[in-house]
Amino acid sequence: MIQRFTVASALALTLLLTGCSSMKLEQFQGTTPAFDLTEYFEGQTWAHGIFEGRGGEIKRQFRVEIDGYWEGEEFILDEEFVYDDGETDQRTWRITPTGEGRYVGRAGDIVGTAEGHEVGQALNWRYVLRLPYGDSTIDVAFDDWMIRRSENVVINRATVKKFGIRVGEVTLFFTKTDPDEGAS
């Protein structure tokens, strides 16, 4: 007997598989080195990253220079992006620690506030980012995971969704030493 595999069946299977593969903060309980957002990002930090479309194709590559510092009760992250096509962008995060490894963040292109929570070596940020799109803008949801691998290195992976559908993924590698220093 041949069973029909319908679009609804395929969608249900996809939702089941993606639901089962989600990372949970609890899995990082007791892992080291402990993630401490303000300790790691204070001072200069550099990153290199890519944006992949939903099919896995690399759409953009970029470099980020970050300056982190305290301004009263808020931790500021000034980010300067340079894309491989020459485009530049800037974002200034204003982050407030709220206790027990939790943070609230704001930036000019963030809709509402970002919510962050760190456990062990991981930090999970969730927020909606407003992006330029043609003559308008679109809002996309980020599920952003940072994993601290050493005193110097953080790996970042963010799933990007629109209307609950995955549209891409951002991958970054952060370092406390300038990776381009001494390059010819």
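The values are calculated or read from the model by the stated rules, or taken from the named source; none is laboratory data. If you're wondering where the values come from, they're calculated on a predicted model, not measured in any experiment. Heads up, the Cβs are rebuilt from the backbone with ideal geometry, glycines too, and the neighbour counts pull from every protein chain shown. Just the protein is used for accessible areas: all its heavy atoms, side chains included, with ligands, DNA and RNA removed. Shrake-Rupley method; radii C 1.70, N 1.55, O 1.52, S 1.80 Å.
Counting other Cβ atoms within 10 Å, keep those with at most 12, restrict to DSSP loop, and tell me which GluC sites (Glu not before Pro) in the stretch 91-134 are left. Could you put the intermediate results ahead of the total?
Numbers: sites: Glu100, Glu115, Glu118; in loops: Glu100.
Counting only loop positions with at most 12 other Cβ atoms within 10 Å, the GluC sites (Glu not before Pro) in the stretch 91-134 are Glu100.
Express the carbon and sulfur contribution to the solvent-accessible surface of the chain as a percent, rounded to the nearest whole number, probe 1.4 angstrom. Walk me through the intermediate numbers first.
Values: 6060 of 11190 Å².
Carbon with sulfur: 54 percent of the solvent-accessible area.
Where only protein heavy atoms count, and the probe is 1.4 Å, what is the accessible area per residue for the chain in Å²? Present the calculation step by step, with values, prior to reporting the outcome.
Details: 11190 Å² over 184 residues.
So the chain comes to 61 Å² accessible per residue, rounded to a whole number.
For the chain: lysine pairs with Cα atoms under 25 Å, gap of 8 or more or different chains, count? Working shown, then result.
Numbers: Lys24/Lys161; Lys24/Lys162; Lys59/Lys161; Lys59/Lys162.
Within the chain, the lysine pair count is 4.
For the chain, what Kirkwood radius comes out of the mean inverse Cα-Cα distance, in Å?
When all Cα pairs of the chain are included, the Kirkwood radius is 18.0 Å.
What list of ³J(HN,Hα) couplings, whole Hz, do you get for the stretch 36-41 from phi and the Karplus terms 6.51, -1.76, 1.60, once you set θ to phi - 60° and write x for glycine and proline?
Once θ is set to phi - 60°, the couplings for the stretch 36-41 become 9, 3, 6, 5, 5, 8 Hz.
Please compute P(r) over all alpha-carbon pairs of the stretch 87-163, binned at 5 Å starting from zero, and give each bin as a whole-number percent.
Histogramming the stretch 87-163 at 5 Å steps yields 3, 14, 20, 25, 20, 10, 5, 2, 0 percent.
Just name one of Ser150, Thr92, Phe28: the one whose Cα is farthest towards the positive end of the charge dipole of the chain (beta-carbon charges, Lys/Arg +1, Asp/Glu -1).
Phe28
Given R₀ = 25 Å, FRET efficiency for Glu151-Lys59 by Cβ-Cβ distance, to 0.05?
On the way: r = 32 Å, r/R0 = 1.27.
Efficiency, from the Cβ-Cβ distance: 0.20.
Could you check the simple spin-label distance between Lys161 and Asp135, using points 7 Å along Cα→Cβ, in nm with one decimal?
Using points 7 Å along Cα→Cβ, the separation is 3.2 nm.
Can you tell me the 0 to 90 degree angle between the C-alpha axis of helix 7-20 and the longest principal axis of the chain, rounded to 10?
Its long axis makes an angle of about 40 degrees.
Below 8 Å, C-alpha to C-alpha, sequence gap of six or more: please give me the relative contact order for the stretch 103-159 in percent.
On the way: 107 pairs, mean separation 13.8, N = 57.
Relative contact order of the stretch 103-159: 24 percent.
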